[in-house]
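Only one structure is covered here, and it is reproduced in the block below.
The values are calculated or read from the model by the stated rules, or taken from the named source; none is laboratory data. Nothing here was measured: the structure is a model prediction, and the numbers come from that model. Cβ placement follows ideal geometry from the backbone for every residue including glycine, while neighbour counts extend to all protein chains displayed. Just so you know, the surface numbers come from the protein's heavy atoms only, side chains and all, with ligands and any DNA or RNA stripped out. Shrake-Rupley method; radii C 1.70, N 1.55, O 1.52, S 1.80 Å.
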Amino acid sequence: MSVKLKRQSSSAISSSPDGRPFKLLHQVLNLSEFNFKKQVIRGSTELTVLPTTATNKLYKLPLNCKQCRILKVTINESRKGNFTYVDPTLSICPPDTKKRNLEYYSTCLTDAIKSCDYREGNGELVIKIPRDVYSIESIFEPTPIKVMIDFMLEQPVSGVYFASTDHPAYTHVYSYGWLNSSRLWFPCIDSYAELCHWDIHLTVPSSMIAVSCGELTDQVLSADGRKKSFHYSLSFPTSASCIGFAVGMFEAYPDSVLPDVTHYAPTQTLPLLKNTVSFAHEVFGFYEELLSTRFPHNQYRLVFVDGIYQDITSYAGLTLCSVNLLHPDTIIDQVMTSRRAIALAIAEQYFECYLLPQSWNDWWLPVSISQFITGLFCRKMFGGTDYQYWINSEHQRVCEYEQTNYLPPLCEALTKGEVTPTSFHSHSEMELSILRSKGHLILRMLQQKIGHDLLVQVFNKILTLASSGGSASTDYSQWQSVYLSTAGFLKLVLTVSGKDLSHFMSQWVGHSGAPLFHVSFNYIRKKNLVELHMTQDTPRGGGSGGGKKFVGPMTVSVQEYDGYFTHTIQVEESVSVYELPCHSKIRKAKKRKMPLCHGEEIEIEVSSLDAEVPVLWVRVDPEMQWIRYLKPSLPDTVWINVLQYERDVVAQVEAIDALKEYPSQSAVSALSEAITNSSFYYHVRIKAIEALAHVVSDLISSGEGVGPDLLVRLYRQLFCVSQYSNTTLVRSHDFTNIAHYFIHKAMPGLIASVRNSHGHCPPEVLTLLQDIIKYSDNSSNKYCDGYFRASLVDALSQYVTPPLAVLQSMQSDNPLESLQADMKIVLQEIVQFLNIDTILPTYKKPITVSCLKAIRVLQRMGRLPSSSTIFKQYNQPNQFIDICVTVFQMIADIIQGVFEEDLNYLLNIIDDPSQLPIIK
C-alpha cells in the first residue's frame, strides 16, 4: 500500500501523544503459515513510519515483541537491518536474590515493564536504522521508512492458543490477552496511543476460515486448492492492542437481520450459536438509537472459541467469546449471563475498540461508558427492577472493596497533574474490575447532575468527532480525535450542558475512597419533625492517599402516613443533625390509606404500628445518586415497615439484610410474607429465605420454640402438591415461570443452612431433601433441570456439619463403614448424582461440579479423610472446563493440610503449555 502524505506544519508533525520521535502510519500483518501439529505460526509484518524529529531522521525504532523468533529485518525493501531483542520479563527477579516475597516481586515486575515502556522510548525489540537510507530531500520533508520483520511464533505459552489440536474437526487457533498483549504474537507498538491503518493477510488450509479485524476485501484460493488467503483492511486508525484473529474449523452464521454481522462457532455447534445470538440485532438497534449514530465498523464478527481466558475479548470489528456462552433454548441459567456478555462486547466496539484511551489515566472512561450503555440495554431487556438490583450490587461491591483495600484514583492526573506512567500489567484483574464498576457508577452520578439526554448527547459528540477525524486518512494529525481523554470529556460536558463539573470530577475521579455514613433518626413529637443523625467516617480508601471526605447535597426520603416526602440536605461536617419537617399528624384510626413514592396508594393497619410516630421510615440517598456506604441503625419495626410497604427493590434488600440481625417472631412473620408474595422480585424473595434461615437458626439456639418446620411448610406451600404423613410430593417441574424456577432452585440449600444449638442441621431437613430428590419429575418440562439437580447436591453439602466428637474411624482402613447414618445417606445421594451425570451428561455438567464440591465439604468437615485422588481423576484431557477449574479449587483447598505433592501438581499444570488459558 502506498502512503501519500499531505504537507503538514512542524507543530502538527511533532504532536504525538507520547512524545515519540516518529509516527506509525501503516502496518501490514501477514500470517502465512499455521502448523497446528507443531503449534507454529510463521509470518511477517511491515511498518511504515514517519520520522518527526527536527532533522526528519530516525536511527532507532523501538518495538514491542515477546515470544517471537525474529528471522530477518529489512529496511525499505532492500537494506538488512540490525536489531537487539531482549525481554526483561523473562527473568523478573535476579536468580541470586535472597528476597522471596510478593512485594519485592511486584517492584521487580514494575521495573521490568518500565524498561520496555513505549512512553520511555523503549521496547523489547529495537531496530537500528542505517544512516544512508535517508536522501537529501528528507532534510526538507520527512520521508516514510518501511521496516519489514519476518518472525516465527513457536509453541506460545500466552497470547495465542491452539485449541483441540487432537480433533481435526474442532481445531482452531486464536489470539487472546489482557490489555496490551498483541506483542505476545507479533512485533508492533503495543500501545493504545499509537494509531495506524492496517492490512491483515491470513493464509490457512482451504478447509478453514480465517477471521480478523476490519473489512474482508478478498479471498484467494491457491493454485493447488490446498490454501486460502483471507485479506482484511482497516481504513480507520486503530492501535495494535485492538488487533486479533481466529483461524479454524468454524461454521459461519450470517445474522438473520443484519447482513454485515456474521457469527462463528466450532463445527456441530450451529444450533447453539443460532439460539445464543438470536437477540444480537436488538443490541445493535438499541445502541444506534441511543447514541444516534451508526455502528462504527463496516463489518462485525462474533467468534466463539474454546478455552479463552475471558468470556469476551474485544478487537476492532471482532469479538472472541468463550464457547461456554453458547446454550440451547432449554437452558435458563445461562441466558442472562450470555446476553449481558454479548451486549457488553458490542458496546466495547464503540468505546474501547473505536474510541481509545489516550493514556492509563483515561482508561476508565471508555470502559465505563461501555458498562453504562450495556446497563441501559439490560434495563430494557430484563426490566427496571433487575437493573436497580444490579446497580445496588455494584454499589456494595465497590464500597466494600474500598473499605478494606486501596483503590487508586481513576484519573490521578486531575489532581496531581503529571503522574508516573502506569502499565495495565501492574494492576490486578480484581482491581481493574472494581475500577470499571466505579467508573460506571460515576457516570450514573454524572447523569443525575446533567440529565440523561445531555449525557447521551456528549457520547454522540465524542463519536461524531472521532468519525470525522479518523476518516481523514492522509492527515494523521486529525487522528487525535480518536483518543478519549478525561480532560477532553470534561470540556465536552461543559460545552453540551453548560455546567462546570471540574470539582465533581476532581472529587470522584481524581481521588479514591468511598464515604461511610452511620444513619439514625428520631421523631420529635413536640416539634412534629424528624431528627436525622448522620456520622461520616473518615474515608479509608487505603494507604496514605486516602479518600476525600464527602461534601455536597444528599436526598432524604421520609415515608409518613400522609404520603412520601423528599428533602435535600447539605452534608458538610463529619457529624451532623438535620431537622426535617413532618407533614402528618397522629390520628387514632384502625385503618388508613397511605400514598407511596410511586403514586400507589395502599391500606395499612395503623393499630399494628406505633401510634405515637406518624413516620414509617427514613431513607438516605434512595436513588443511589452517590457512591456511598450506609450503615443505618434503626429498630426492627422500621425495617418491617419497609419490607411490607416499600416497593423499591433496593429498600427491600436493605430491610432483609437488617432483619437478619433481629431474631424475633415479628421478623419471622415479615420475612415469611415476603417469601410468599409473588409480586416481589425473585432475588428479594431468595434473600428473604436466606435471612429467614438465619433468624430461625438464632431462635432455635435461643430455645424460643421456632423450628425448621416453618421453612419446610413454606416450601410445601410453594412447590408441593400435597402431603402424605412425612412425605413431600413435589409438583412436576414447569420452569416457564422463571422467577418461580430460581426460587425453587435456591430454597432447598437455604433451608439446609439452618442450624440448631449444637451447630447441626435438624434431621427433618434431610428428609425433605430426600423427598425432593425422589419425587422431582422433569418428564413434561420443556426446560432442562440440570442446574436444579445440581442445586440439590449443593443442598446436601450444605446439610453436612462437623461431628460432635473426633471419630476414631477416620484412622481405620475403611472410614465409610463408621459414617453416621445421615452422612451415609448424603454420600450415597452424591455418588448417585455423580454416576448419573457421567452416564447422561447435562449441559456444562453442573451436577458433577456440585458433587466434587460436596465431597470436599465432607472431607473438610471431618466426615471423610482429606485426599486429592478423587479430584485428580476428573482432570482429564477434553474434560469440561468448569470441572477442571473445580478440581484445582478443591486441590488448592487441600494444600492447606497436605502441602508439597498437591502444590507441585498444580504448579506443573500452570507450567504445562498445552493447558487452556482459562485453566492456567
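Give the residue, chosen from His511, His452, His503, that is touching a residue at least 60 places away in the same chain (Cβ under 8 Å) and open to solvent by 50 Å² or more (accessible area, probe 1.4 Å). After ruling out the rest, the residue left standing is His511. Answer yes or no as to whether Asp893 is part of a helix (DSSP H, G or I), in contact (Cβ under 8 Å) with a residue 12 or more places away in the chain and open to solvent by less than 50 Å² (accessible area, probe 1.4 Å). Judged against the criteria, Asp893 is a match. On the basis of being open to solvent by less than 50 Å² (accessible area, probe 1.4 Å) and either closer than 28 Å to Arg716 by Cβ or not in a helix (DSSP H, G or I) (or both), does Thr848 make the cut? No: the conditions fail for Thr848. Among the numbered conditions (1) in contact with a helix residue (DSSP H, G or I) (Cβ under 9 Å, 6 or more places away or on another chain); (2) at pLDDT 90 or above, the only one that Asp199 does not meet is (1). Considering each residue of the range 349-369 in turn, at least one proves to be in contact with an Asp or Glu (Cβ under 8 Å, 6 or more places away or on another chain) and either open to solvent by less than 10 Å² (accessible area, probe 1.4 Å) or under 20 Å from Leu302 (Cα atoms) (or both).
For Ser78, the stated conditions hold: it is of a type in the set (Ser, Thr, Tyr), more than 37 Å from the chain's Cα centre (by Cα), farther than 26 Å from Tyr192 by Cα and modelled with pLDDT of 80 or more.
Per the listing Ala691, Ala655, the residue uniquely buried (at least 20 other Cβ atoms within 10 Å of the Cβ), at pLDDT 95 or above and farther than 20 Å from Tyr387 by Cβ is Ala691. Of the residues making up the range 403-411, not a single one is assigned to a loop (DSSP other than H, G, I, E, B), in contact with a Pro (Cβ under 8 Å, 6 or more places away or on another chain) and open to solvent by 10 Å² or more (accessible area, probe 1.4 Å).
From the list Leu24, Leu50, Leu29, which one is in contact with a Phe, Trp or Tyr (Cβ under 8 Å, 6 or more places away or on another chain), assigned to a strand (DSSP E or B), modelled with pLDDT of 85 or more and under 17 Å from Tyr118 (Cβ atoms)?
Numbers: Leu24 fails: in contact with a Phe, Trp or Tyr (Cβ under 8 Å, 6 or more places away or on another chain); Leu29 fails: under 17 Å from Tyr118 (Cβ atoms).
Just a single option satisfies the conditions, and that option is Leu50.
If you go through the range 518-538 and keep only what is in contact (Cβ under 8 Å) with a residue 60 or more places away in the chain and more than 13 Å from Val577 (Cβ to Cβ), you end up with Tyr523, Arg525.
Restricted to strands (runs of 3 or more DSSP E) entirely inside the range 298-345, those with at least 1 residues that are more than 17 Å from Val283 (Cβ to Cβ) and under 16 Å from the mean Cα position of the chain (by Cα) are 312-315, 318-322.
Candidates are the residues of the range 237-262 that are touching a helix residue (DSSP H, G or I) at 6+ places or on another chain (Cβ under 6 Å) and crowded, with 23+ Cβ neighbours inside 10 Å; the one that is farthest from Ile41 (Cα to Cα) is Pro237.
Quick one: which residue in His281, His263 is modelled with pLDDT of 95 or more, closer than 16 Å to Ile346 by Cβ, part of a strand (DSSP E or B) and touching an Asp or Glu at 6+ places or on another chain (Cβ under 9 Å)?
Just a single option satisfies the conditions, and that option is His263.
Those residues that are in contact with a Leu (Cβ under 7 Å, 6 or more places away or on another chain) and either modelled with pLDDT under 90 or part of a strand (DSSP E or B) (or both), I need them from the range 617-630; list them, please. Within the range 617-630, Val618, Val620, Tyr629 meet the criteria. Residue count for the range 189-199 satisfying the condition of being over 28 Å from the mean Cα position of the chain (by Cα) and surrounded by 24 or more Cβ atoms within 10 Å (Cβ to Cβ): 1.
Only residues that are of a type in the set (Lys, Arg) and touching a residue at least 24 places away in the same chain (Cβ under 8 Å) were counted in the range 204-238, giving 2.
Which of the residues belonging to the range 201-235 are among the hydrophobic types (A, V, I, L, M, F, W, C) and more than 30 Å from the chain's Cα centre (by Cα)?
Of the range 201-235, the ones among the hydrophobic types (A, V, I, L, M, F, W, C) are 202, 204, 208-211, 213, 216, 220-221, 223, 230, 234.
Result: Leu202, Val204, Met208, Leu216, Val220, Leu221, Ala223, Phe230.
Regarding Ser732, is this residue assigned to a helix (DSSP H, G or I) and either among the polar types (S, T, N, Q) or without any contact (Cβ under 8 Å) to a residue 12 or more places away in the chain (or both)? For Ser732, the condition - assigned to a helix (DSSP H, G or I) and either among the polar types (S, T, N, Q) or without any contact (Cβ under 8 Å) to a residue 12 or more places away in the chain (or both) - is not met. Within the range 60-76, residues that are under 11 Å from Ile129 (Cβ atoms) reach partners that are of a type in the set (Lys, Arg) with beta carbons closer than 6 Å, at six or more positions or on different chains, in the pairs Asn76/Lys146.
So, in the range 61-104, of the ones that are in contact with a helix residue (DSSP H, G or I) (Cβ under 9 Å, 6 or more places away or on another chain) and of a type in the set (Lys, Arg), which residue ends up farthest from Pro187 (Cα to Cα)? The qualifying residue farthest from Pro187 (Cα to Cα) is Lys99.
Within the range 697-725, residues that are more than 21 Å from Ala674 (Cα to Cα) and at pLDDT below 80 sit with their Cβ atoms under 8 Å from residues that are assigned to a strand (DSSP E or B) and not charged (D, E, K, R), at 6+ positions apart or across chains, in these pairs: Ser722/Leu729; Gln723/Leu729.
Condition (residue is assigned to a strand (DSSP E or B), small (Gly, Ala, Ser) and either farther than 22 Å from Thr637 by Cα or at pLDDT 75 or above (or both)) applied to the range 575-584: is it met by at least one residue? If you could, list the steps in order and put the result at the bottom.
Going through the range 575-584, the residues assigned to a strand (DSSP E or B) turn out to be 575-581.
Of the ones still in play, those that are also small (Gly, Ala, Ser) are 576.
Retained after the next criterion (residues that are either farther than 22 Å from Thr637 by Cα or at pLDDT 75 or above (or both)): 576.
Looking for residues that are assigned to a strand (DSSP E or B), small (Gly, Ala, Ser) and either farther than 22 Å from Thr637 by Cα or at pLDDT 75 or above (or both), one finds at least one in the range 575-584, hence yes.
For the range 187-238, enumerate the residues that are in a loop (DSSP other than H, G, I, E, B) and within 28 Å of Ser467 (Cβ to Cβ). Ile189, Asp190, Ser191, Tyr192, Ala193, Glu194, Cys213, Gly214, listed by residue number.
In the range 771-803, how many residues are touching a helix residue (DSSP H, G or I) at 6+ places or on another chain (Cβ under 7 Å) and either at pLDDT below 95 or not charged (D, E, K, R) (or both)? Can you show your working first?
Restricting attention to the range 771-803, the residues satisfying the condition of being touching a helix residue (DSSP H, G or I) at 6+ places or on another chain (Cβ under 7 Å) are 772-773, 786-800.
From the residues that got through so far, the ones that are either at pLDDT below 95 or not charged (D, E, K, R) (or both) too are 772-773, 786-788, 790-793, 795-800.
Going through the range 771-803 one residue at a time, the tally reaches 15.
Inspection of the range 641-649 finds no residue satisfying the criterion of being open to solvent by 20 Å² or more (accessible area, probe 1.4 Å), of a type in the set (Asp, Glu), modelled with pLDDT under 90 and not in a helix (DSSP H, G or I). Ile41 falls short on exactly one of the conditions (1) modelled with pLDDT of 90 or more; (2) open to solvent by less than 20 Å² (accessible area, probe 1.4 Å); (3) in a loop (DSSP other than H, G, I, E, B); (4) not aromatic (Phe, Trp, Tyr), and that condition is (3).
Only residues that are part of a strand (DSSP E or B) and of a type in the set (Ser, Thr, Tyr): list them for the range 503-525, please. Reasoning before the result, please.
Applying the first criterion (part of a strand (DSSP E or B)) to the range 503-525 yields 512, 516-524.
Answer for the range 503-525, where residues must be part of a strand (DSSP E or B) and of a type in the set (Ser, Thr, Tyr): Ser512, Ser520, Tyr523.
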